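Heads up: the structure comes next, in structure tokens.
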Amino acid sequence: MIAAHETQTACEPAERAPQPQRWVNRYADLGPAFFTRLRAQALPDPQWVAVSASTAALLGWATEGADGADILGPQALEALSGGTPWPGCDPLATVYSGHQFGAWAGQLGDGRALLLGELVTPAGPMEIQLKGGGPTPYSRMGDGRAVLRSSIREFLCSEAMHHLGIPTTRALALVGSALPVRRETLETAAVVTRVAPSFLRFGHFEHFAHHGQSEALKTLADFVIEHHFPGCLEAANPYAALLEAVTRRTAELIADWQAVGFCHGVMNTDNLSVLGLTIDYGPFGFLDGFDPGHICNHSDHHGRYTYANQPRVGQWNLHALGQAMLPLIAGDGEVDEATTELALAALEPYEATLQAALRTRHRAKLGLASAQDGDVALADDWLALLAMERTDHTIAWRRLADFTPADPHPVRDLFRDRAAFDAWAGRYAQRLALEGSPDVERAARMKLANPKFVLRNHLCESAIRAAQGGDFSETQRLLKVLERPFAEQPEHAAYADFPPDWAQTLEVSCSS
Ligand code: AMP
Ligand code: MG
């Protein structure tokens, strides 16, 4: 006999869509200076390309037992392809400005993003945003669309970064359509649904500061403090405290990027999140061979956003944010030398936070449980070794987990200059002897700090090519692999292999 509660579970449909009462639209309450209300333009004949069950679970949606890309159901397909929004949503595009490639770019804003609203979830209110839902008043010359190619990249990388433990906006769903979109060639349109506690960028602050809208600037800062940094209210100057909190989060985030070999590619101030999340995946790339001067964005002609420059650019962007926040920090008074000093003091922890975060991450990656003099040099010299031979970043770190002084071969074999490797490995072996932890334990620890699977460009490219031919299975399979980047997954060993030769000629630009 079936127990009563089981009967009930079987009869009641699981909640797969948000209920109207679960939407709060706090940003919409800020007033018209901050956004324009509008509807998306629906994609014709939308199809699910992929859905992240893990992001759905974050939202409290029941997907258990459901399988495939259609786990969210037809009503969600309608809403997440830019069709009729769910009851309770108050869709809008926000306005922001920013510095692009170091120069003031003026007003930008959500040119192809639409905030549906904030959904109350077990993890707190989450903004649900469509990207690629058609033009907005901030589209400038753009068509408001996103192509399937770049949407697959954003969808997969958002989820990959999350599962690597790196703060990021999430991706819930990817919907495709035959709608043609013109880029260098004719491509097809897609919409990614992104999820984050907030999509606010440094550029939102810059916008109101640049236009001298001090009331709006204060409203924005108070909103951010109230909902995201309430601890700042305790400080003598809450706005300086906010700047310092953003400084620390940004430093931690960039340390995360450096440690995993992630290159953002377009670190303009409108692409830096106030919450310290990785945001706006465009021409990003994970390093294959370790080249600190690597430029992942084909449109970055001067190499402003190389891997090695990311820490300095983060600091530059924070200074732009600090500049925008000066009137807030000054309060009722004039912006004077004392204000500047307060702002500089708030920015000051950047370098030390970043270096400390990098040291912590490198120590974990080297399998060192304690901190000793010489650890920084050991990590730096290892990276210098990788840089010298352009050794594969992900594979080298992962293989180091299985290094033992008695059997250095799997990692030693990666280097042509065996003498240089042996010299470093001798120091590493001495350092490991000071730790005294058994090799197997250290290897297990290191495998939790050195991912086996990252979203290499060529993996993404293969998924894109299949999807462009109508086969979404590779995108879905790659998502599953990237959800467990630290696990061995021997059945997916090919995804952890060296990139093929054709990967070297792949070019990624801002065109998306
Ligand atoms: P990005 O640097 O790619 O994050 O975008 C910079 C600015 O350009 C933002 O304001 C985007 O909303 C806008 N943008 C980029 N592509 C498009 C597009 N196809 N249509 C409208 N706006 C766009
Ligand atoms: Mg952007």
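Before moving on, here are some points about what is shown:
- Within the range 100-125, the set of residues being in contact with a strand residue (DSSP E or B) (Cβ under 7 Å, 6 or more places away or on another chain) and either in the same structural domain as A324 (by TED's automatic domain parsing) or not in a strand (DSSP E or B) (or both) comprises L108, G109, D110, R112.
- Scanning the range 248-275 for residues that are of a type in the set (G, A, S), within 16 Å of ligand 2 (Cβ to nearest atom) and either under 21 Å from P451 (Cβ atoms) or assigned to a loop (DSSP other than H, G, I, E, B) (or both) yields one hit, G265.
- Given (1) at pLDDT 95 or above; (2) loosely packed, with under 15 Cβ neighbours inside 10 Å; (3) over 29 Å from the mean Cα position of the chain (by Cα), number of the condition W424 does not satisfy: (2)
- Any hit, the range 218-236, residues being within 24 Å of Y495 (Cα to Cα), touching a helix residue (DSSP H, G or I) at 6+ places or on another chain (Cβ under 6 Å) and outside any helix (DSSP H, G or I): no
- Residue identified as within 16 Å of ligand 2 (Cβ to nearest atom) and either surrounded by 22 or more Cβ atoms within 10 Å (Cβ to Cβ) or basic (K, R) (or both) among L130, L148, L172, L156: L130
- Any hit, the range 129-142, residues being on the phi > 0 side of the Ramachandran plot and without any contact (Cβ under 8 Å) to a residue 40 or more places away in the chain: yes
- Within the set L432, L400, the sole residue that is of a type outside the set (K, R) and buried (at least 20 other Cβ atoms within 10 Å of the Cβ) turns out to be L400.
- Looking across A245, A320, one residue alone is modelled with pLDDT of 95 or more, assigned to a helix (DSSP H, G or I), touching a Phe, Trp or Tyr at 6+ places or on another chain (Cβ under 8 Å) and within 16 Å of ligand 2 (Cβ to nearest atom). It is A320.
- Selected residue [in contact (Cβ under 8 Å) with a residue 24 or more places away in the chain, within 14 Å of ligand 2 (Cβ to nearest atom) and more than 17 Å from S198 (Cβ to Cβ)] from Q75, Q100: Q100
- Residue check for T84: of a type in the set (S, T, N, Q), within 16 Å of ligand 1 (Cβ to nearest atom) and modelled with pLDDT of 95 or more: no
- Residue count for the range 403-421 under the criterion of being among the basic types (K, R) and within 33 Å of the chain's Cα centre (by Cα): the result is 1.
- Boolean, T193 is buried (at least 23 other Cβ atoms within 10 Å of the Cβ), assigned by TED's automatic domain parsing to the domain that holds T55 and touching a helix residue (DSSP H, G or I) at 6+ places or on another chain (Cβ under 9 Å): yes
- Residues satisfying the stated conditions in the range 132-173, i.e. part of a strand (DSSP E or B) and either within 16 Å of ligand 1 (Cβ to nearest atom) or not assigned by TED's automatic domain parsing to the domain that holds F35 (or both): A146, V147, T168, A171
- Lone unmet requirement of (1) within 16 Å of ligand 2 (Cβ to nearest atom); (2) assigned to a helix (DSSP H, G or I) for S54: (1)
- When Y307, Y350 are screened for being more than 16 Å from ligand 2 (Cβ to nearest atom), part of a loop (DSSP other than H, G, I, E, B) and hydroxyl-bearing (S, T, Y), only Y307 passes.
The values are calculated or read from the model by the stated rules, or taken from the named source; none is laboratory data. Since the structure is predicted, the reported quantities are computational estimates derived from the model, not experimental observations. In this analysis, Cβ positions are derived from the backbone assuming ideal geometry, glycine residues included, and neighbour counts consider all displayed protein chains.
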